[in-house]
Structure formats: C-alpha cells, structure tokens
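Enquirer: The structure that follows is given in the form of structure tokens.
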Amino acid sequence: MKIAVVGGGISGLSIAWNLAIRNEGEIHLFEKNWITYGSSTRSGARFRVHFWAEENSRFALESIRRLEKLARRMDWNPIIHRGGYLWLLLHEQHIDRFREANKMWSKLGVQGVFLDPGMVKERYPYINADDVLEAFFGPQDGSLHHDYVCFGYYSLAKKLGVIFHELTPVHNIIIENKKVKQLKTAKGLVDVDVIVLSAGAWTNELLENIGIRLPTEPVRKEMCLTEPYHYFIDPLIIDTGSGAFVGQTLKGEILGSLDYPTTPGLIQLETKFDFVVRWARAITKRIPVLKNARIMRTWAGYYMMSSDCSHIMGRDPEWPEGLYVAYGYSGHGFMMAPLVGELLAENILTGKIPELMKPFLPTRFKENKLIQEKMVIG
Amino acid sequence: MDDPSHHAQSRKGDRVNIFLDDLNLEGYSLEPVAVALYSNGFKVIGRSKKLYRPRGFYSLEPEDRLLLTRIGDEYLNPCEVYCRDGQKIELSLSTPFLVKFFSPFLNGYFQHRRLLRNRFLWRLAVDKIRQFANHPDIRTVKTVKAVKTIQLESDVVIIGGGLAGLTAAYTVSQLGLRTLLIDKSLQLGGRLRYDYLDVPGISMPREQLLENIISRISLLKNLSILTKTVFAGFFEDYPIAYSQEERSLYILKAKAYIIATGQIDIPCVFRNNDLPGIFSGSTVLEMVNMYGVKPGERGLVIGFNQNSLRVAEQLKQLGINVALVDYSEPEKIQYSLSSIGECFGNVEEIEALGKTCVKNVKIVHDGRRDELKADFIVCSAFPSPDVRILNQLNSKMVFIDGVGFVPVHDEYMRLKDNIFIAGGASGTPYSILHMKEGEISALSAAYMLGVKEAESATDEKIREYKEKLREMNVGWKSVVFEFSRGKPIGDHVSNRPPTLFIEKPRKDAFICFCEDITAEDVSRTVYEKGYVLLELVKRSLGVCTGRCQGRLCMVNTALYVSYLSKLDPNRVGLSRARAPTTPIPLYAFIGGGDE
Ligand SMILES: Cc1cc2nc3c(=O)[nH]c(=O)nc-3n(C[C@H](O)[C@H](O)[C@H](O)COP(=O)(O)OP(=O)(O)OC[C@H]3O[C@@H](n4cnc5c(N)ncnc54)[C@H](O)[C@@H]3O)c2cc1C
C-alpha cells in the first residue's frame with residue numbers, strides 16, 4: 001500500500017510517523033515549502049485539557065499523554081512544561097459556565113481551581129485584578145516547544161523510512177472509479193492508494209478541486225513577542241474581558257495575542273500596527289509592569305476554523321475511496337495532533353473507527369451532530 | 001582601567017557627569033552612553049544571556065548585540081541613549097557560580113541533550129535556566145514615560161539620510177513633493193559624516209560635499225527631517241518609526257517610500273569574536289571622528305577592500321597602529337598596503353585573546369602562526385545591506401558571488417509597489433553610484449506620483465547611471481535588473497564566506513551574539529540534523545530570533561550553512577524578518593492607534 005500525506009505540519013508529521021510505526025506500506029509526505037512552514041511553528045505553543053466540549057477535553061487529555069510519552073524517544077527535547085492556564089473571569093455568566101464545565105473536568109480527573117480576586121493578587125501580584133470577579137486556574141495545562149516537537153516527529157519518521165518530499169506542492173488529486181489514483185505534484189504524478197490531507201489552512205483548495213466542501217475557513221491570527229526578560233509569568237493568562245492572552249516563553253520572551261477581527265480567507269500573513277496597539281493596551285491594563293517590555297517581533301498564522309470549532313478527521317464513506325482528512329483544528333491543533341495521528345493511522349490501516357475519534361468525523365456536519373465547543377482562545 | 005586621556009579628536013557636545021554605580025565619569029551630551037563608558041575604560045558593559053560572556057558594543061545601533069542596561073530607571077540600549085548630566089548607569093557584570101560551572105555544557109545544543117530528557121532533571125534545568133538567564137527584571141522598572149503617537153502624512157518618505165537618501169530627498173523636494181527624511185542618528189550625512197576621507201570620483205572635498213548638500217536641503221520648505229528616529233518596518237496597515245530620545249512613535253502615511261539605509265559591516269567569525277573591543281568598520285570611524293574616542297592603541301583590521309583601507313588609513317593618521325588581515329592575497333588589491341601598516345594575506349584563522357576584552361591576536365596564515373599585539377579588532381571584510389527591512393517587506397533577495405545578498409529591483413530603483421531603494425541598501429558600492437541611485441529613485445517615485453517632468457529626466461539619469469556602472473565595473477547590477485524582469489536565478493557555488501576566519505567549526509567562534517550560538521552549533525545542525533534551509537536552522541537553533549532579529553547573524557548563518565553543506569546560498573535562503581525591525585516598548589504603542 002502506498003500512502004501519501006499532504007502537508008508537513010504537526011498534523012502530517014504525526015500521521016506519517018504513526019503510520020510508519022505500524023510498519024505497513026510505503027509512506028510519502030509532501031510539503032510545499034519546508035517542514036513546519038505552516039501554522040505549526042507560528043502558534044502560541046500551548047496546550048490545555050480544558051474545553052467546553054467533553055469530546056475535546058478527553059481528546060486533548062489523551063493527546064498530551066501520548067506526546068509526553070513519545071517525548072522521551074525524540075531526539076529533540078519538546079520542552080513540555082505544565083505552567084497552567086489562568087482564566088480571569090469578569091462576568092457572572094462566565095463563572096457559571098466554568099463551574100458547570102468544571103464538573104465535567106472533575107469527572108475526567110482534571111478539575112481546576114477557582115480563585116477569588118484576593119487569591120489572584122496573592123499568587124500573581126503583577127496582575128491588576130480590580131475588575132476580576134473570579135479566576136479559574138487549570139494546573140494540567142501548559143506549554144511546549146512547537147519547533148522541537150515537529151522536528152522530533154520528523155526525525156522519528158525519517159528513521160522509520162517515511163519518504164519526505166519537501167519543496168513539493170501537491171496541485172491536485174486524481175480520482176478514478178471513485179478511488180484515489182494519483183497525486184499531481186510539482187515533481188510529477190505519483191500513484192497512491194491512500195491520501196491523507198493535512199495541509200492545514202490550505203486543505204480546502206485541494207478538497208474543492210474534487211468537489212468536496214466542509215464548513216471550514218482559514219482566519220488569520222497575529223502574535224506579538226517581546227525581548228526576553230527575567231522570568232515571572234508562569235501560567236498563560238487569559239483575560240476573558242478583552243480576549244487578550246499573555247504568557248512567557250522559556251527564553252523569557254513575553255508572548256501574546258488577542259481576539260482581533262480579520263476577514264476570513266487566505267489573506268497575506270502580515271501583521272497590523274493596529275493589532276499591536278490593541279494588544280498592548282489590553283495587556284498593559286491587565287499587567288501594568290509590561291508597559292516597559294519592548295516588542296521585538298510580530299507574526300501571523302492561520303487558525304483553520306470549522307463551524308463547530310473542533311477538528312475534523314477521517315473520511316466520509318461517500319468520498320472517493322482512500323481519501324482521508326485531518327484538519328480544521330480551529331486554533332488548538334498542535335495539542336490534538338499527537339492523538340489524531342495515532343487514531344487516524346489505526347483507522348486507515350484497520351478500517352475501524354476508534355471510540356475517541358468518532359465525534360470528529362467529517363460526516364458530523366451533514367448529520368448535524370456538531371460538537372459544542374465555544375472555548376477558543378485568541 | 002585604561003588611560004582615559006587618549007582622545008583622538010575633540011569630544012562632542014557639552015561636558016556632563018554620568019554616574020556608573022557611584023563613580024562619577026566624564027561624558028559628553030552628544031555621545032551615546034556606550035561610547036562614554038568605553039572612553040572611561042569600561043569596555044565590558046554587559047554579559048551575554050546564556051554563557052555570561054563579557055559584552056561590549058559592536059556597532060552603535062539600536063539592535064546591537066549588547067543586552068539592555070539599567071540607565072536611569074529604565075532598561076535601555078546604551079548605544080542609543082545619549083549622555084545626560086546626572087544620568088545613572090548600573091552594570092551587572094557578575095557571573096553566578098552555577099553558570100560558571102555549567103557554561104561549558106550550555107552550547108546551542110543543550111536543549112536537545114539526552115541527559116535532560118529525564119523529566120525530573122529537565123524540570124530542574126528549566127528552573128535554573130529561568131533563574132540564571134541574564135535578562136533584565138522588568139518588574140523593577142516602575143516609571144513609565146509618555147510617548148506621543150504622531151501621524152505624518154507626506155508624498156514621499158525617505159528612510160536614511162546618507163548620501164543616497166540626501167540626494168533623493170533633494171531631488172524629490174525640488175519637484176514640489178512633500179517629503180519626509182528619517183535618520184536614526186543625531187545628524188544627517190551617514191557615512192559622509194564620520195568617514196573623513198574624500199569620496200572617490202567626486203572632485204569636491206568630503207566636508208564641502210556634505211555641507212553643500214545639507215545647506216541645499218535646509219532651504220527646501222517642503223522637506224521635513226526627523227533625526228534620532230529609527231524606521232521600524234512596514235506593518236500591513238502602516239509603516240512606523242520610533243524615537244526613543246524624543247519619546248515619539250510615528251505612523252507614516254506616504255504615497256511612496258525610498259529605502260536608503262546603507263550598508264552594515266557583517267561581523268567576522270573567528271575565535272572569541274564576541275569580546276569587547278571588536279567593532280564594525282563604520283563604528284570605529286564614528287568613534288574616532290564623531291566622538292573623539294580612540295578604540296585603542298593598536299588594532300587589527302580585517303578585510304582588504306575599499307572600506308577597510310579607509311578605516312586603516314584614518315586610524316593611521318591618528319597615530320593608531322594597525323595590521324590588516326584577510327584570507328585573500330594582498331597582491332589582489334591595488335593599494336600600497338605597506339604605507340598603512342603590516343598586512344597578512346591568506347589568513348586561515350584568527351583568535352582574539354583576552355579574558356574580558358581584546359589584548360592580543362593570534363593569526364594563522366601561510367601555514368604559520370603569529371601573535372600580534374592588538375587591543376581592538378575591526379570587522380570590515382564584508383559590507384552588506386541590512387537584510388531585515390528588505391526581508392520584512394518580502395522583497396526578493398538574491399545572492400550574487402563576490403557581492404552577497406542583495407535586493408532585486410529594476411533600473412528605476414523600484415523594489416515593489418510604491419517602494420524604491422537607493423545606495424548601499426541595494427548593495428551598490430561607490431558613493432558616486434549612490435548619488436545616481438538617489439536621483440533615480442526620487443525621479444521614479446515622483447513620476448509614479450504624477451510629476452510629468454520626471455519622466456524624461458529619469459531616462460536621462462538611468463543612461464548616465466548605466467554608463468557609470470560600466471565604467472566602474474559593477475556588472476552584477478545589470479544582472480539584478482534582469483532578475484527583476486523574471487530571469488531565473490542560476491546556480492551559484494558555495495564559496496568560503498568573506499567573514500569566515502576559522503579552520504573548523506569552533507565553539508568559541510560566535511555567529512549569533514544575542515543567543516550565544518557558535519559555529520560549532522551551526523555545523524552540528526547541518527551535519528547531525530541535516531537542516532540546510534535557513535528557516536529551519538533558525539527554528540532549530542534560534543539564530544535570528546534574538547533582539548537583533550538577524551541584523552548581525554542572518555547573512556553569516558546563511559553563508560556558513562551554504563559553505564558547510566556545499567549548497568547554493570540562494571537555496572539556503574534567508575529567513576523572513578518581521579515588524580517591528582527595532583524593539584519598541586509597549587508603552588509607546590498604548591499612546592495611540594489609528595483612531
Ligand atoms: C497564532 C496562532 C497561535 C496558535 N496557538 C496554538 C496553541 O497555543 N496551541 C495549539 O495547540 N495550537 C495553536 N495554534 C493552532 C495550531 O498551530 C494549528 O492547529 C496546527 O499547527 C495545525 O497543524 P497542521 O499540521 O494541520 O497545519 P500546518 O502547520 O499549517 O501545516 C500544513 C502544511 O501543509 C503544507 N501545505 C499546504 N498546502 C500544500 C500542498 N498543496 N501541497 C503540499 N503541502 C501543502 C503547508 O506548507 C504547511 O506546512 C495556533 C495557531 C496560530 C495561527
């Protein structure tokens with residue numbers, strides 16, 4: 001069997017490696033630029049297990065466990081650190097929702113801690129908590145090094161014989177007798193039995209060429225990074241009032257973004273001055289000492305949003321045989337990808353649909369079995 | 001401490017007292033704090049973030065390799081802050097014992113080591129990294145200065161006030177367009193201001209040339225000038241500029257932009273090349289000619305080229321002995337080298353000796369080893385445009401053998417859309433060509449903005465320009481014009497980079513100063529991991545991600561990777577730079593957006 005994975009982000013890398021360890025067939029990965037060109041190295045590099053939807057929480061929980069285990073075998077240290085997420089809640093409704101969700105999280109064994117404003121001030125003296133009614137702290141959440149995780153998968157996959165075609169865009173998929181037959185790539189036609197599309201924000205282009213439409217669209221998201229400073233912000237702090245978030249990297253840089261409206265679509269990956277101004281205002285109001293931090297760089301990537309803000313994996317039986325997708329991560333894909341790779345590989349090679357994967361099938365849109373996820377950060 | 005009395009020329013500005021901890025030092029109001037400290041014998045003004053290596057300044061730029069220093073009640077770059085009376089400076093130069101102990105293990109690869117894969121050891125390591133990384137503690141800065149946000153509208157903005165920028169500013173303004181000229185220095189003139197030798201090909205003495213241009217432009221009513229202001233890159237909505245001194249953030253709204261930011265001297269890669277007392281060629285000239293501060297008694301100048309010879313000659317005139325070194329053969333250059341000082345060709349390796357600053361230099365050449373006395377080193381082997389602004393614009397860059405990475409533009413000096421380029425920023429050598437490019441870019445911009453009379457003048461100027469290019473043997477420029485019309489960039493060989501002075505990948509030869517990344521680290525990435533695209537080398541090592549954002553390391557890394565991997569530098573490529581191209585405090589952004 002010859003399997004082609006399209007896209008060399010965390011999703012494609014994880015799928016390729018998971019296929020390779022099962023030791024069946026020949027695995028090719030096509031990447032139009034270089035490995036990690038897409039959103040995977042433009043992310044905030046954080047993970048969490050706290051989602052509104054139980055399906056997502058479960059999935060993330062297992063996914064991070066997989067990554068932690070695998071980390072010991074990688075030749076790059078993925079620098080996993082559980083610094084926690086701190087949500088600052090300014091409205092009663094938010095508090096109610098978190099309390100509600102915390103029951104579900106407790107069931108999964110990942111309950112968080114509610115902090116009153118006094119405790120927030122005590123634990124995080126640098127936060128201006130004047131308008132904060134309550135805060136929710138999720139100690140199981142944290143950060144990782146997105147470059148090293150990708151490189152780790154890349155080395156592992158290469159060692160197992162995955163054939164990487166870098167600087168090789170895939171232009172089209174050729175179908176014959178309701179079966180995938182070939183990939184049209186920049187380096188010519190390639191015969192294949194199975195195609196996995198994990199091309200992130202660019203996946204729709206390929207799907208639409210063969211007449212498949214899923215309710216997803218790319219949305220540009222920008223990020224700010226300051227010069228490095230002595231470490232003091234441990235958790236990722238989310239200001240639910242302004243939609244801004246901020247954290248500090250291992251290197252000491254202060255990193256953050258906010259919910260900033262842009263036109264959906266594959267617009268240029270540039271950043272706006274106005275965006276920086278808004279983030280600066282929101283975040284310095286929350287953490288006044290950051291006023292003196294100096295912005296060093298900004299960048300942009302795409303969130304590939306699905307209509308229910310949850311990822312899409314697997315196939316629709318009505319599609320041509322041999323076609324699978326793994327995309328639509330809606331801004332929290334990095335943390336999901338380790339498990340997506342594992343479950344999808346199993347699905348492709350055995351035909352069985354693992355329990356954890358079931359809610360995320362592409363058929364959920366036409367069957368109207370949407371996942372109730374609203375908790376998207378940034 | 002060195003003798004503080006060695007002032008080559010007179011110091012500039014009013015005499016002020018600055019305080020280093022409790023020590024009262026002499027400073028001058030028109031010189032940067034870093035220069036004042038150096039002239040007082042304080043060569044070490046910081047320590048690197050990871051290895052705590054002693055640091056002095058390399059260039060007097062806002063994005064220099066120095067870490068932020070406590071000046072007054074803020075953390076600022078001592079290169080971009082001028083001395084004020086009563087100013088307090090605190091240096092923290094001690095190295096924690098633990099760092100001294102562990103630093104041999106902390107190469108750019110420490111993140112990937114097996115030893116640290118153990119979860120508990122790694123946790124411990126993370127805590128220590130956080131505790132000991134040499135970063136300023138921002139929580140100790142209590143005061144916040146107000147910064148004005150100012151919107152500036154004009155027809156044309158010219159970035160850089162050197163010969164090319166001044167010529168462009170004059171030409172544009174003469175055509176009646178509203179023009180804004182921005183320069184990061186206190187005064188206009190760029191290299192003309194501190195390089196005291198006459199300009200080849202121009203009969204007028206340098207001083208008169210500068211005076212003429214300045215007085216001509218000062219008469220123009222439709223030209224505004226902003227000095228001490230750093231252009232900070234093109235955001236999608238607006239380009240911006242920032243002045244730390246004036247506490248102003250400028251939002252630029254112009255119909256056309258001309259980039260005339262000149263060239264920088266790429267640092268040379270040799271052993272201990274991060275020691276204090278190692279400068280770029282233009283910085284040494286700035287020190288002696290603008291600030292009247294001698295870099296030392298006897299120096300080593302690296303490079304056999306137009307620029308390095310001008311540096312050597314001016315140092316010599318001030319009674320400073322120099323030795324010139326390069327890896328090419330001395331016969332190749334037509335200049336009486338012996339009149340300047342000792343010179344060594346075929347140099348394979350250079351090693352700076354000294355614990356906290358340069359004391360001696362070892363060189364390996366023609367199969368021999370020599371030790372020279374030198375208390376400072378000048379890197380002037382490879383001038384290059386600052387690739388960041390160009391990369392940030394996503395304009396196409398191409399590597400040309402014997403020239404370096406240069407931006408692709410047409411003969412109208414258009415880079416893309418409404419952005420033009422002129423002078424050293426486009427990689428062009430020779431001042432006379434810079435002036436021509438200044439004129440052409442200005443005329444092209446004016447024509448684009450509807451000034452009819454600019455059209456015929458442009459063609460005329462381009463003819464003259466092309467003639468001069470031929471006359472001066474700058475053939476590669478016409479190749480660049482062809483690239484701009486879509487000619488494919490052919491194959492290039494990977495040569496030895498002109499900045500490379502090590503025989504093998506050394507662990508004490510630094511490529512990236514911000515992140516303490518050495519030639520050895522880069523070579524391991526290439527050989528062990530197989531990463532040869534600069535974008536990947538950047539992601540794996542962190543080169544180009546420090547506070548200089550690749551200004552000092554990007555070209556060197558690309559060329560070194562190409563040299564090691566034998567891959568065409570155009571395939572290795574450069575990495576994308578991002579706005580802002582100079583660090584700007586958040587308080588400057590809060591002042592105002594576009595509302
Ligand atoms: C600003 C920002 C912050 C984020 N923060 C987080 C976070 O904190 N935590 C988290 O978990 N997630 C975060 N994310 C989301 C996360 O980055 C993505 O969900 C994840 O990286 C998606 O990985 P991917 O492999 O699907 O896509 P990508 O990484 O985008 O990879 C797709 C790859 O496919 C290639 N490709 C595209 N078209 C073709 C073609 N035709 N042929 C061949 N190759 C092709 C592209 O070049 C690209 O390399 C963030 C995203 C952004 C933009």
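The values are calculated or read from the model by the stated rules, or taken from the named source; none is laboratory data. Keep in mind it's a predicted model, so treat the numbers as computed, not measured. Using ideal geometry, Cβ is built from the backbone for each residue, glycine included, and neighbour counts are taken over all protein chains shown.
Enquirer: Could you tell me which of the residues B:540, B:575, B:562 is more than 10 Å from chain A (Cβ to nearest Cβ) and outside any loop (DSSP other than H, G, I, E, B)?
Expert: B:562
Enquirer: Let me ask something else. Evaluate the following for residue A:54: is it away from the ligand (no atom under 12 Å from the Cβ) and at pLDDT below 95?
Expert: For residue A:54, the condition - away from the ligand (no atom under 12 Å from the Cβ) and at pLDDT below 95 - is not met.
Enquirer: Filtering region B:111-133 down to residues that are more than 9 Å from chain A (Cβ to nearest Cβ) and either touching a His at 6+ places or on another chain (Cβ under 8 Å) or surrounded by 13 or more Cβ atoms within 10 Å (Cβ to Cβ) (or both), which residue is nearest to residue B:46 (Cα to Cα)?
Expert: So the residue we want is B:132.
Enquirer: For region A:335-349, how many residues meet the condition of being acidic (Asp, Glu) and either in contact with a Gly (Cβ under 6 Å, 6 or more places away or on another chain) or within 16 Å of the ligand (Cβ to nearest atom) (or both)?
Expert: Result for region A:335-349: 1.
Enquirer: May I pose another question? Only one of B:557, B:525, B:545 is more than 9 Å from every other protein chain (Cβ to nearest Cβ) and over 20 Å from residue B:403 (Cβ atoms). Can you tell me which?
Expert: B:525
Enquirer: Tell me which of these residue B:141 doesn't satisfy, since it passes every other one: (1) under 29 Å from residue B:580 (Cβ atoms); (2) within 28 Å of the chain's Cα centre (by Cα); (3) crowded, with 18+ Cβ neighbours inside 10 Å.
Expert: The one condition residue B:141 does not meet is (2).
Enquirer: Which residue out of A:172, A:177 is polar (S, T, N, Q), near the ligand (Cβ under 10 Å from one of its atoms), over 28 Å from residue B:579 (Cα atoms) and surrounded by fewer than 18 Cβ atoms within 10 Å (Cβ to Cβ)?
Expert: Answer to the check: A:172.
Enquirer: Moving on to the next point. Quick one: count up the residues across region A:12-51 that are more than 6 Å from the ligand (Cβ to nearest atom) and either aromatic (Phe, Trp, Tyr) or not in a loop (DSSP other than H, G, I, E, B) (or both).
Expert: Of the residues in that region, 16 qualify.
Each row is one residue, and each column tells you yes or no for (1) more than 16 Å from the ligand (Cβ to nearest atom); (2) crowded, with 20+ Cβ neighbours inside 10 Å; (3) facing another protein chain (nearest Cβ under 9 Å).
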| position | (1), (2), (3) |
| --- | --- |
| A:206 | no, yes, no |
| A:209 | no, no, no |
| A:217 | no, no, no |
| A:236 | no, yes, no |
| A:243 | no, no, no |
| A:249 | no, no, no |
| A:252 | yes, yes, yes |
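Enquirer: Exactly one condition in (1) buried (at least 19 other Cβ atoms within 10 Å of the Cβ); (2) away from chain B (no Cβ under 14 Å); (3) not small (Gly, Ala, Ser) is not met by residue A:10; state its number.
Expert: Unmet condition: (2).
Enquirer: Let me ask something else about it. Considering each of A:126, A:154 in turn, give the residue that is of a type in the set (Phe, Trp, Tyr), within 14 Å of chain B (Cβ to nearest Cβ) and within 14 Å of the ligand (Cβ to nearest atom).
Expert: Being of a type in the set (Phe, Trp, Tyr), within 14 Å of chain B (Cβ to nearest Cβ) and within 14 Å of the ligand (Cβ to nearest atom) holds for just one of A:126, A:154, which is A:154.
Enquirer: Let me ask something else about it. Which residue out of B:197, B:192, B:210 is more than 29 Å from residue B:579 (Cα to Cα), modelled with pLDDT under 95, in a helix (DSSP H, G or I) and not assigned by TED's automatic domain parsing to the domain that holds residue B:13?
Expert: B:210
Enquirer: Among the numbered criteria (1) in a loop (DSSP other than H, G, I, E, B); (2) closer than 24 Å to residue A:45 by Cβ; (3) touching a helix residue (DSSP H, G or I) at 6+ places or on another chain (Cβ under 8 Å); (4) of a type in the set (A, V, I, L, M, F, W, C), which one does residue B:548 miss?
Expert: Condition (3) is where residue B:548 drops out.
Enquirer: Another question, then. Take residue A:219 and tell me if it is touching a Ser or Thr at 6+ places or on another chain (Cβ under 7 Å) and of a type in the set (A, V, I, L, M).
Expert: Taking the combined requirement at face value, the residue satisfies it.
Enquirer: Mind listing whichever residues of region A:293-334 are of a type in the set (Ser, Thr, Tyr), touching a residue at least 60 places away in the same chain (Cβ under 8 Å), in a loop (DSSP other than H, G, I, E, B) and within 10 Å of the ligand (Cβ to nearest atom)?
Expert: Result: A:329, single match.
Enquirer: Quick one: in region A:30-79, which of the residues that are in contact with a His (Cβ under 7 Å, 6 or more places away or on another chain) and among the aliphatic types (A, V, I, L, M) is surrounded by the most Cβ atoms within 10 Å (Cβ to Cβ)?
Expert: A:45
Enquirer: A further question on this structure: Within region A:67-81, does at least one residue satisfy the condition of being more than 14 Å from chain B (Cβ to nearest Cβ) and within 16 Å of the ligand (Cβ to nearest atom)?
Expert: Within region A:67-81, not a single residue is more than 14 Å from chain B (Cβ to nearest Cβ) and within 16 Å of the ligand (Cβ to nearest atom).
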